[in-house]
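The structure appears below as structure tokens.
What follows draws every value from the coordinates through simple rules; no lab data is involved. All figures in this text were calculated on a predicted structure; none of them were measured in a lab. Glycine also receives a Cβ, built like all others from the backbone with ideal geometry; neighbour counts cover every protein chain displayed.
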Amino acid sequence: MSRVVVCGSLNMDVVVQSARLPEAGETLLGAEVTFLPGGKGLNQAIASARLGIPTAMVGAVGNDSFANSLRGFLADNDVDSSGVREIDGPATGVALIQVADGDNSITVASGANMHFRAEMLHQAPRRDEVWVAQFETPLAATGEILARAHKAGARTVLNLAPYTRHPARLLKSVDVAVLNEIELGQATESKLTSSSSQRSLVAACESLRQRGARAVIATLGAKGALVVSANGVEAIPAFKAKVVDTTGAGDCFVGALAARMAVGAFPTEAARYASAAASCAVERLGAAPSMPTARQVAARLAKA
């Protein structure tokens with residue numbers, strides 16, 4: 001078993017639950033608020049660690065109470081947070097998440113996340129590790145860290161979310177690229193929706209492979225996922241779930257994918273496991289707190 005290292009964002013999620021989302025200029029009363037650890041990086045690290053894989057988190061926080069809470073949460077979940085740097089000045093990242101009817105809308109104040117630099121990385125990637133990154137921290141740092149990891153022989157996973165324009169060379173350092181259909185459309189400048197044909201989705205994934213990614217996984221919500229690699233195309237079915245909150249489902253998929261890669265799984269096998277994990281995550285409120293254990297995922301797989 002190798003180690004998963006996640007480089008990315010750490011946020012405090014302010015989750016507001018209401019019967020519906022407000023209209024522009026409207027005030028709704030009767031909502032409930034919860035403060036939960038989040039950020040795509042932290043979510044993915046927690047997802048990996050809860051599945052029993054040694055996991056480390058690399059990123060930046062402010063000098064405030066939210067930072068202390070996030071560090072404590074990482075420690076409680078056995079995530080090595082020695083790579084999380086505290087920065088004076090900017091606040092710890094905050095995400096305002098409005099949840100209604102099982103769906104969500106998110107507004108992020110990135111804060112310290114956007115002050116993370118590759119120079120803050122005090123651990124060199126190793127050949128037997130899996131390194132994970134997203135687009136909620138500066139692009140330059142993400143590119144440099146993935147390049148270092150790739151050069152060291154580590155396996156690399158890039159979640160192209162939220163989608164950001166990036167240098168063409170970036171994908172040459174990526175073993176597995178993960179993105180949903182909206183991000184896939186943005187990345188390939190094609191019109192893709194939840195109703196797009198599998199043929200269109202595969203063509204878009206192949207175009208990213210042509211840019212350097214060894215495998216591309218498109219996550220499609222209730223339709224499952226598509227894995228496109230040198231071995232061909234594999235459709236991964238979605239697992240049945242009683243949806244409570246979809247926040248963090250994509251992050252759960254990425255963290256679980258990396259966790260399975262850390263024990264030697266190939267992308268298709270890892271994606272099926274990740275799909276089962278994500279189906280467990282949507283049945284609970286919040287992002288990081290909803291990440292399932294290995295036992296819960298095993299039970300979901302057994303029912304399939």
**Item:** nm² value of the averaged projected area, convex hull over the Cα atoms of the range 137-217
**Value:** 4.9
**Request:** At q = 0.14 Å⁻¹, what is the base-10 log of I(q)/I(0) for the range 93-177 according to the Debye formula with one equal point scatterer per Cα and no solvent? Please give it to two decimals.
**Result:** -0.55
**Request:** Compute the FRET efficiency between residue 203 and residue 124 as 1/(1 + (r/R0)^6), taking r as their Cβ-Cβ distance and R0 = 35 Å, and round to the nearest 0.05.
**Result:** 0.40
**Item:** Residue-count net charge about residue 264 - beta-carbon cut-off 15 Å; Lys, Arg +1, Asp, Glu -1
**Value:** +1
**Request:** Work out, in µm²/s and without decimals, the Stokes-Einstein translational diffusion coefficient of the range 1-40 at 25 °C, 0.890 mPa s, Rh from Kirkwood over C-alpha pairs.
**Result:** 187
**Prompt:** Do you know the relative contact order of the chain, to the nearest whole percent, from alpha carbon pairs under 8 angstrom that are 6+ apart?
**Reply:** 18
**Request:** Provide the percentage of antiparallel DSSP beta bridges, counting only those with both residues in the chain; round to the nearest 5.
**Result:** 40
**Prompt:** Based on the Cβ-Cβ distance of residue 294 and residue 244, what FRET efficiency does E = 1/(1 + (r/R0)^6) give at R0 = 30 Å, to the nearest 0.05?
**Reply:** 0.90
**Prompt:** Can you pull out the GluC sites (Glu not before Pro) in the range 12-75 that DSSP calls coil and that have at most 16 other Cβ atoms within 10 Å?
**Reply:** 23, 26
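Could you order the peptides 274-281, 262-269, 228-235, 245-252 from most to least packed, using the average number of other C-beta atoms within 10 Å per residue?
Top to bottom by mean Cβ count within 10 Å: 274-281, 245-252, 262-269, 228-235.
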**Prompt:** By how many nm would the segment from residue 140 to residue 230 grow when fully extended, if each residue of separation counts as 0.36 nm and the alpha-carbon distance is taken off?
**Reply:** 29.6 nm
**Distance (nanometres) between label positions extended 7 Å along Cα→Cβ at residue 31 and residue 269** = 4.5
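Cα-based Rg of the chain per 2.2 N^0.38 Å, rounded to two decimals?
That ratio works out to 0.93.
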**Request:** Enumerate the calculated ³J(HN,Hα) couplings along the range 216-225 in order (Karplus 6.51 cos²θ - 1.76 cosθ + 1.60, θ = phi - 60°), each rounded to whole Hz, writing x wherever the residue is Gly or Pro.
**Result:** 10, 10, 9, 8, 10, x, 5, 8, x, 8
**Complete:** With residue 12 itself left out, Lys, Arg at +1 and Asp, Glu at -1 over residues whose Cβ is under 12 Å from its Cβ give -1
**Asked** What residues from the range 15-45 fall in the zone where the backbone N is under 16 Å from a label point 7 Å along the Cα-to-C-beta line of residue 283?
**Response** none
**Prompt:** Once the Cβ-Cβ distance between residue 100 and residue 169 is put in as r, and R0 is 35 Å, what FRET efficiency do you end up with, to the nearest 0.05?
**Reply:** 0.30
**Request:** Return the distance in nm (one decimal) between the two label points of a simple spin-label model at residue 82 and residue 211, each offset 7 Å from Cα along Cα→Cβ.
**Result:** 3.6
**Rounded if a/c under 1.5, otherwise prolate or oblate - the range 41-140, Cα gyration tensor axes** = oblate
**Request:** Would you mind putting 288-296, 42-50, 184-192 in packing order, based on average other-beta-carbon counts within 10 Å, highest first?
**Result:** 42-50, 288-296, 184-192
**Message:** Please compute, for the alpha-carbon atoms of the range 180-280, the extent along each of the three principal axes and give them in descending order in Å.
**Reply:** 32, 31, 18
